[in-house]
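The values are calculated or read from the model by the stated rules, or taken from the named source; none is laboratory data. Keep in mind the model is a prediction, meaning the values are calculated, not measured. As a convention, Cβ positions derive from the backbone with ideal geometry for all residues, glycine included, and neighbour counts pool all protein chains shown. For the accessible areas, the whole protein counts, side chains as well, though only heavy atoms, and no ligand, DNA or RNA atoms are used. Shrake-Rupley method; radii C 1.70, N 1.55, O 1.52, S 1.80 Å.
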Amino acid sequence: MINILVTSPCDEEYKKLLETAGGSSCSFTYADSRFVSEDILKNEIEKAEIIVGEPDVSAIKNAKNLKLLQLTMAGTDKYTKDYEYPQNVVLANASGAFGEVISQYVIGGILNICHKFYKYRDNQHKNLWHDEGLEIGLEGKRVLIVGAGDIGSNIAKKLSVFNTKTIGIRRNINNMPPYFAEMHTLDELDEQLPLADVVVACIPNSEYTYHLFDKHRFMLMKNDAIFVNVGRGALVIQKDLIDVLKSGHLSGAVIDVAEPEPLPPESELWSVENLVITPHISGKSFGHHKSITDKIYKICAENISNYINNKPLINVIDFKKFRK
């Protein structure tokens, strides 16, 4: 019998989906990590061969039976940056579940800056009817997407209705996804930044991308460029972003991620006028978007079925891509 522990929120609809995928050879335990005690969770982790959820590395490093950790999120840096992660445990994420919704957020964020909606919202709170002047048209602009995976590809697709020239940055440039005009490696980032009207960061956090965007790279961008970060807060040196925006360089920025999270109330980021901040909700599933939760649990169910039937797992993480 294969013991499967689910620590993420999982209602009856998704329990049925997982149990159908597992069949009679699996025994499921549902222990939502938000509500169960550490002792109960520890006991269940020790018995589990598969875990669906996001336990801390400290909780699984001595789990002798564990063979597969199936995440319900796309981000993996919690595990890839921890060298105590057990090498015998396969790590798989839920990549493919988030691109559609996050791409909607990105388009909304870009248009917010283009049309100064953030200023008009502030004016509304002041009962002020005031024309904020020159806007930016997105039509035909050059957009650089740093991280052309599932999320980046969905953003490029959405941008196509604006007839943008969309350029991608990714590790493997051999197979260019649809809706991209060009594809480049991360080594070519500095050559591409001065050409872009909009820069969108959706690349995972890794030892290669930590503090990728510093003052030098922000200053390489056009004076009226727009910056959006839906990757990880650690991609950006926040003090540099603050300084650049306050100096008048860049039209504005949108960030859904910060370093640290939650962003402390005393952070200077809050006071930057042309910066839009949201609390890491662009691709949130549980309690936000049922469509994402549906996709997440379909991915989890597929990998459970693949594991049981000795078929190749999907979304397996290669730690070498995240570590130097």
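Could you identify the single residue in Ser267, Ser271, Ser285, Ser305 that is polar (S, T, N, Q) and under 21 Å from the mean Cα position of the chain (by Cα)? Talk me through it step by step, then tell me what you get.
Values: Ser267 fails: under 21 Å from the mean Cα position of the chain (by Cα); Ser271 fails: under 21 Å from the mean Cα position of the chain (by Cα); Ser305 fails: under 21 Å from the mean Cα position of the chain (by Cα).
Just a single option satisfies the conditions, and that option is Ser285.
If you go through the stretch 241-251 and keep only what is on the phi < 0 side of the Ramachandran plot and open to solvent by less than 30 Å² (accessible area, probe 1.4 Å), you end up with Leu241, Ile242, Val244, Leu245, His249. Listed by first and then second residue, the pairs linking a residue in the stretch 19-35 that is without any contact (Cβ under 8 Å) to a residue 24 or more places away in the chain to a residue that is acidic (Asp, Glu) and assigned to a helix (DSSP H, G or I), with Cβ atoms under 7 Å apart and 6 or more places separating them unless they lie on different chains, form an empty list.
Could we say that Cys26 is more than 30 Å from Ile281 (Cβ to Cβ) and of a type in the set (A, V, I, L, M, F, W, C) here? For Cys26, the condition - more than 30 Å from Ile281 (Cβ to Cβ) and of a type in the set (A, V, I, L, M, F, W, C) - is met. What are the pairs, 6+ residues apart or on separate chains, where a residue within the stretch 302-321 that is open to solvent by less than 50 Å² (accessible area, probe 1.4 Å) has its Cβ under 8 Å from a residue that is outside any helix (DSSP H, G or I) and aromatic (Phe, Trp, Tyr)? Pairs found: Phe319/Tyr85. Inspect all residues belonging to the stretch 63-71 and state whether any of them is within 23 Å of Lys320 (Cα to Cα), within 23 Å of the chain's Cα centre (by Cα) and touching a residue at least 40 places away in the same chain (Cβ under 8 Å). Yes - at least one qualifying residue is present in the stretch 63-71.
Within the stretch 273-310, the set of residues being part of a loop (DSSP other than H, G, I, E, B) and within 30 Å of Asp243 (Cβ to Cβ) comprises Glu273, Asn274, Thr278, Pro279, His280, Ile281, Ser282, Gly283, Lys284.
Please pick out the residue among Ala148, Ala258 that is assigned to a loop (DSSP other than H, G, I, E, B), open to solvent by less than 10 Å² (accessible area, probe 1.4 Å) and modelled with pLDDT of 95 or more.
Numbers: Ala258 fails: open to solvent by less than 10 Å² (accessible area, probe 1.4 Å).
Result: Ala148 is the single residue among Ala148, Ala258 that is assigned to a loop (DSSP other than H, G, I, E, B), open to solvent by less than 10 Å² (accessible area, probe 1.4 Å) and modelled with pLDDT of 95 or more.
Residue count for the stretch 109-131, restricted to those that are free of Cβ contacts under 8 Å to residues at least 24 places away in the same chain and either within 30 Å of Glu302 (Cα to Cα) or open to solvent by less than 40 Å² (accessible area, probe 1.4 Å) (or both): 2. In the stretch 165-187, the residue that is farthest from Gly99 (Cα to Cα) out of those that are open to solvent by 60 Å² or more (accessible area, probe 1.4 Å) and aliphatic (A, V, I, L, M) is Ile173. Selection within the stretch 261-298: residues that are among the basic types (Lys, Arg) and at pLDDT below 95. The member of this set that is most open to solvent (accessible area, probe 1.4 Å) is Lys290. Among the residues making up the stretch 193-220, a single one is open to solvent by 50 Å² or more (accessible area, probe 1.4 Å) and acidic (Asp, Glu): Glu207. Of the helices (runs of 4 or more DSSP H) lying entirely inside the stretch 1-104, those containing at least 1 residues that are out of contact with any Leu (no Cβ under 9 Å at 6 or more places or on another chain) and buried (at least 19 other Cβ atoms within 10 Å of the Cβ) span 12-22.
Wholly within the stretch 168-242, which strands (runs of 3 or more DSSP E) include no fewer than the required count, namely at least 1 residues that are at pLDDT 95 or above and of a type in the set (Val, Ile, Thr)?
Those strands (runs of 3 or more DSSP E) span 198-201, 226-229.
For the stretch 221-236, a residue qualifies if it is closer than 21 Å to Ile203 by Cβ, over 17 Å from the mean Cα position of the chain (by Cα) and either touching a residue at least 60 places away in the same chain (Cβ under 8 Å) or open to solvent by 50 Å² or more (accessible area, probe 1.4 Å) (or both), and the qualifying residues are Lys222, Ile226.
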